[in-house]
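> Take this structure, written in structure tokens, and hold onto it; I'll ask about it next.
Just so it is clear, none of the values below were taken in a lab; they were calculated from the coordinates. Every value quoted in this text rests on a predicted model; they were computed, and no experiment measured them. All Cβ positions, even for glycine, are placed from backbone atoms using ideal geometry, and neighbour counts span all protein chains on display.
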Amino acid sequence: MSDLEMMTLSRAAADFIDDDYLAGLLEESCPEKSRVREIIAKSLAKKALGVEETAVLLAAADPELVEEIFDAARTLKDNIYGRRVVLFAPLYIGNECVNDCLYCAFKRSNKKALRRTLSREELAAQVEALEQNGHKRLILVFGEHPRYSADFIASCVRTVYSTQSGRGEIRRVNINAAPLDHQGYRRVKEAGIGTYQIFQETYHHEAYARFHPQNTSKGDYLYRLDGLSRALEAGLDDVGIGALFGLHDWRFEVLGLVSHALYLEKHFGVGPHTISFPRLRPAAGVSFDSRCLVKDFDFKRLVAILRLAVPYTGLICTAREKPHLRREILGFGVSQIDGGSRIELGGYTELEGEQLMEREQFSLGDLRSLDQVIGELLADNYIPSFCTACYRLGRTGEHFMEFAIPGFIKQFCTPNALATLMEYLVDYASPETREAGEKLIASEIDRIPESKLKTELLDRLVRIRNKGERDLYF
């Protein structure tokens, strides 16, 4: 370990990924049906699974068992999250990068990439465009470059929060950026960020070294693996982990994600707030080996198994995936999706229709508008949610788990989701979406037992619809 690492790593820093051990778990023969069902039952009891138990689910190839895993994931998601689906949008701030990741269009050696960093005025224009479509939650995405320092990230966050268009406002800003040191995390926390997200990309050491040259900042496996431990030590409430599926065996990456979640839970008392599982997508100036690409059926399996392994962690499926697949996996695991996304620099104000590959990190599979995405969610009887109440009331980190684990969180989430949905219907929805949304809200109200909570919710919905009040939450 270098002197620099000794100063910047967390106190609990450790390389907790044992490649040989995880690979060995994947070599075990098909498990007994009774063992698989024992593990499913444990998950349905809302208990996190260990890596060994997760490996058993990954080894279950019998079609009957696979379908039982899907069914259990559907049940668990409904028990914990209900039918809420949280909506957000990505906003790319800059694509300058010192790294040379072989799969990424932002890599420094890619001469086709059009380099750009949004000015404060350009950033504000992007935020206004997003607000005018109804967004309340953003994730800001940065390349890894010295100019994207903690102070720069914090400044961008403050610009987003201070930019309002009509009744629109951004209420939660998450971050996807390079790992920081402790002081850097404290600076971005002061700006009011939500979740800080870092993808390990691949947890397999040899694959990591192959895709991330050692002469780049990202070439340090341990520094990146330890990034979120430093964030939690520095006082951040929520962190998000992820792997880029297609760099190595998808089953190994699932075990890596579960290992990471268990490590954070053990050392910090709280696991990751979210897990992301993007698949490799075509990108300008990039070619890659297709042998590790994940087929759709296996992709559905990994989502279901992650839901069973980490019951209380939000699972994010982005617009990398095509609409029909996103629609399907919402049923057995995913709790957050984006809508109306553009990932080109300046894309929300400058571009319409087709993607401009030279200005984005990868191609998208779902280019539908936010209203179209919400319309489909309503048609499938989901509750689109822009809720940010927990974050602003301090129900984050360990406190969130205190509410979530007994199942109490649904008492807050459904009413808050309905309130934010009513805001969207009144302010931004197409006539068709508004009609469908109001029918769903009425149906949900009928489901709620007579109580003080129901009376207060009805009052708040009237105030939102008829009096123009906003941001009313429990």
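> Treat the count of other C-beta atoms within 10 Å as a stand-in for reagent exposure and order LYS46, LYS295, LYS218 from fewest to most.
Values: LYS46 15, LYS295 10, LYS218 23.
Placing the least packed residue first, the sequence is LYS295, LYS46, LYS218.
> Still on this model: Rounded, prolate or oblate: pick one for the range 201-257, where a ≥ b ≥ c are the square roots of the eigenvalues of its C-alpha gyration tensor, a/c under 1.5 means rounded, and failing that, prolate if a/b is larger than b/c, else oblate. Provide the component values of the computation, followed by the final result.
Values: a/c = 2.91, a/b = 1.36, b/c = 2.14.
Note, shape of the range 201-257 comes out oblate.
> Turning to a different aspect of this structure: Which ³J(HN,Hα) values, rounded to whole Hz and listed in residue order, are derived for the range 217-228 from phi using the Karplus coefficients 6.51, -1.76 and 1.60 in 6.51 cos²θ - 1.76 cosθ + 1.60 with θ = phi - 60°, glycine and proline given as x?
Result, rounded to whole Hz: 5, 7, x, 8, 4, 5, 4, 6, 4, 7, x, 7.
> Hey, another quick one. In deg cm²/dmol, rounded to 500, what helix-only [θ] at 222 nm does the chain give when every DSSP H run of at least 4 residues adds -39500 (n - 2.57) and the total is split over its residues? Write down the numbers at each step before the final one.
Values: 21 runs with 227 residues, N = 474.
Counting only the DSSP helices, I get -14500 deg cm²/dmol.
> With a cut-off of 8 Å between alpha carbons and a minimum separation of six or more residues, what is the relative contact order of the chain in percent? Mind dumping the intermediate values first?
Values: 838 pairs, mean separation 91.7, N = 474.
Relative contact order of the chain: 19 percent.
> Further, regarding this structure: How fast does the range 406-467 diffuse by Stokes-Einstein, in µm²/s, taking the Kirkwood radius from C-alpha pairs at 4 °C and 1.567 mPa s?
107
> Of all the Cα-Cα pairs you can form in the range 19-76, what percent are over 16 Å apart?
Values: 657 of 1653 pairs.
Counting every Cα pair in the range 19-76, those more than 16 Å apart make up 40 percent.
> As a test of understanding, state the convex hull volume per residue of the range 1-120 from its alpha carbons, in Å³. Please list the in-between numbers first.
Details: hull volume 29.3 nm³, N = 120.
Hull volume normalised by residue count: 244 Å³.
> Express the Stokes-Einstein translational diffusion coefficient of the range 93-225 in µm² s⁻¹, to the nearest whole number, given a Kirkwood radius over alpha-carbon pairs, 4 °C and a viscosity of 1.567 mPa s. Can you show the working numbers first?
Numbers: Rh = 15.8 Å.
Result for D is 82 µm²/s.
> I need to check one value: relative contact order of the range 19-76, counting alpha carbon pairs closer than 8 Å and at least 6 residues apart, in percent. Don't skip to the answer; put the middle values down first.
Working: 34 pairs, mean separation 24.4, N = 58.
Result for the range 19-76 is 42 percent.
> Something else about it: Which net charge results when you count Lys and Arg as +1 and Asp and Glu as -1 among the other residues whose beta-carbon is under 12 Å from that of LEU44?
Within the 12 Å Cβ shell, the charges total +3.
> If you don't mind, there's one more thing I want to ask. Have a look at the chain and give its Rg and Dmax from the Cα atoms, expressed in angstrom.
Rg, Dmax (Cα atoms, Å): 21.5, 63.
> With helices defined as uninterrupted DSSP H runs, which ones in the chain have an alpha carbon span along their own long axis of at least 24 Å and mean Kyte-Doolittle hydropathy of at least 0.0? Working shown, then result.
Working: long enough: 63-81 (27 Å, -0.31); 250-268 (27 Å, 0.31); 409-427 (27 Å, 0.46); 431-447 (25 Å, -1.03).
Length and hydropathy pass: 250-268, 409-427.
> Evaluate E = 1/(1 + (r/R0)^6) for SER290 and GLN411, where r is the Cβ-Cβ distance and R0 equals 41 Å; express this FRET efficiency to the nearest 0.05. Could the numbers behind the result be given before it?
On the way: r = 46 Å, r/R0 = 1.13.
Efficiency, rounded to the nearest 0.05: 0.30.
> Each residue of the range 272-288 in turn: what ³J(HN,Hα) in whole Hz from Karplus with 6.51, -1.76, 1.60 and θ = phi - 60°, glycine and Pro shown as x?
Working through the residues one at a time gives x, 6, 9, 10, 10, 9, x, 9, 3, 10, x, 8, 5, x, 10, 9, 8 Hz.
> Taking neighbour Cβ counts within 10 Å as the exposure measure, how do LYS136, LYS42 sort from fewest upward? Provide the component values of the computation, followed by the final result.
Working: LYS136 23, LYS42 15.
Listing LYS136, LYS42 from fewest to most nearby Cβ atoms yields LYS42, LYS136.
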